[in-house]
Amino acid sequence: AQKITQTQPGMFVQEKEAVTLDCTYDTSDPSYGLFWYKQPSSGEMIFLIYQGSYDQQNATEGRYSLNFQKARKSANLVISASQLGDSAMYFCAIQRGGSQGNLIFGKGTKLSVKP
Amino acid sequence: GAVVSQHPSWVICKSGTSVKIECRSLDFQATTMFWYRQFPKQSLMLMATSNEGSKATYEQGVEKDKFLINHASLTLSTLTVTSAHPEDSSFYICSAMGTGGGETQYFGPGTRLLVL
């Protein structure tokens, strides 16, 4: 069975600084996908970044990058140059059962960006 | 691209009534849609997997007869909460995957259900 662990219930970061949100996972699948989503107070789930288990390089999308350490089973999200609009809940997720499966989410980290 | 809509965004109903929530993929065809539920300050939990043209697959503990799912076309899945009770009050959110088999799931904006 797959499992996602996010150990930081809440994080604070100063505007314009970088922040790392932790995520560790457990899976017995030889191939898997890892995702990060942002959920603002409105509730919508906004896709941020995807990392495939066989991808050679860490994923990057604008100010978001994923620090993927396969041996440690960690997939931390790095947000550079934080903005006030980055304040939200952030969920790490792993895809179950291959590329057509549902997502299993961690408990989330609430990020607050201070001006 | 890859837009998923949900309707309604908010619903308040009396206990015992049924509520239908629609999930539509607007600019792509979705063979698979997922329905999740999120209680306040908690994570998303999968309720069921909806496949076009076949019966939905429900997660353990989710009542099939209470949460009816219909995936009648490649762009529409519906979730009907039958005989809703206050404990069904939650945030219901769907996601969709395209027919191309891409990994990314796109989420609808969610539906907040309040049962009085």
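The values are calculated or read from the model by the stated rules, or taken from the named source; none is laboratory data. A quick note: this is a predicted structure, and the numbers were derived from the prediction, not measured. Neighbour counts are summed over all protein chains in view; Cβ atoms, including those assigned to glycine, are modelled from backbone coordinates with ideal geometry.
Restricting attention to the range A:54-63 and to residues that are surrounded by 12 or more Cβ atoms within 10 Å (Cβ to Cβ) and away from chain B (no Cβ under 14 Å), the residue that is nearest to A:T20 (Cα to Cα) turns out to be A:R63.
No other residue among B:S15, B:S43 is in contact with a helix residue (DSSP H, G or I) (Cβ under 8 Å, 6 or more places away or on another chain) and either in a strand (DSSP E or B) or modelled with pLDDT of 90 or more (or both) apart from B:S15. Can A:G10 be described as at pLDDT below 95 and under 18 Å from B:K41 (Cα atoms)? When the stated conditions are applied, A:G10 does not pass them.
Could you identify the single residue in B:S18, B:S25 that is within 28 Å of A:S53 (Cβ to Cβ) and either touching a residue at least 60 places away in the same chain (Cβ under 8 Å) or surrounded by fewer than 20 Cβ atoms within 10 Å (Cβ to Cβ) (or both)?
B:S25
Residue by residue, here is whether (1) under 13 Å from the mean Cα position of the chain (by Cα); (2) assigned to a strand (DSSP E or B) holds:
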{"residue": "A:A1", "(1), (2)": "no, no"}
{"residue": "A:I4", "(1), (2)": "yes, yes"}
{"residue": "A:M11", "(1), (2)": "no, yes"}
{"residue": "A:E17", "(1), (2)": "no, no"}
{"residue": "A:T20", "(1), (2)": "yes, yes"}
{"residue": "A:P30", "(1), (2)": "no, no"}
{"residue": "A:G43", "(1), (2)": "no, no"}
{"residue": "A:Y50", "(1), (2)": "yes, yes"}
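Among the residues of the range A:1-36, the one identified as without any contact (Cβ under 8 Å) to a residue 60 or more places away in the chain, crowded, with 17+ Cβ neighbours inside 10 Å and not β-branched (V, I, T) is A:W36. Within the range A:98-110, residues that are closer than 13 Å to B:Q38 by Cα and more than 7 Å from chain B (Cβ to nearest Cβ) sit with their Cβ atoms under 8 Å from residues that are at pLDDT 90 or above and surrounded by fewer than 16 Cβ atoms within 10 Å (Cβ to Cβ), at 6+ positions apart or across chains, in these pairs: A:I104/A:K3. Can you confirm whether A:Y50 is within 14 Å of another protein chain (Cβ to nearest Cβ) and buried (at least 16 other Cβ atoms within 10 Å of the Cβ)? Spelling it out, A:Y50 is indeed within 14 Å of another protein chain (Cβ to nearest Cβ) and buried (at least 16 other Cβ atoms within 10 Å of the Cβ). Looking at A:A81, A:A71, just one residue is aliphatic (A, V, I, L, M), in contact with a Lys or Arg (Cβ under 8 Å, 6 or more places away or on another chain) and not in a strand (DSSP E or B), and that residue is A:A81. Scanning the range B:34-54 for residues that are touching a His at 6+ places or on another chain (Cβ under 9 Å) and more than 10 Å from chain A (Cβ to nearest Cβ) yields a count of 4.
If you filter the range A:64-97 down to residues that are more than 15 Å from the chain's Cα centre (by Cα) and within 11 Å of chain B (Cβ to nearest Cβ), you find that the one that is modelled with the highest pLDDT is A:R96.
Filtering the range B:83-116 to residues that are β-branched (V, I, T), under 16 Å from A:M45 (Cα atoms) and modelled with pLDDT of 95 or more leaves B:I93, B:T111.
Under the condition of being crowded, with 19+ Cβ neighbours inside 10 Å and more than 7 Å from chain B (Cβ to nearest Cβ), the residues counted in the range A:37-47 number 3. Only residues that are assigned to a strand (DSSP E or B) and either surrounded by 15 or more Cβ atoms within 10 Å (Cβ to Cβ) or away from chain A (no Cβ under 14 Å) (or both) were counted across the range B:58-116, and they come to 29. Among the criteria (1) in a loop (DSSP other than H, G, I, E, B); (2) modelled with pLDDT of 95 or more; (3) more than 26 Å from B:L46 (Cα to Cα), the one A:K107 does not fulfil is (3).
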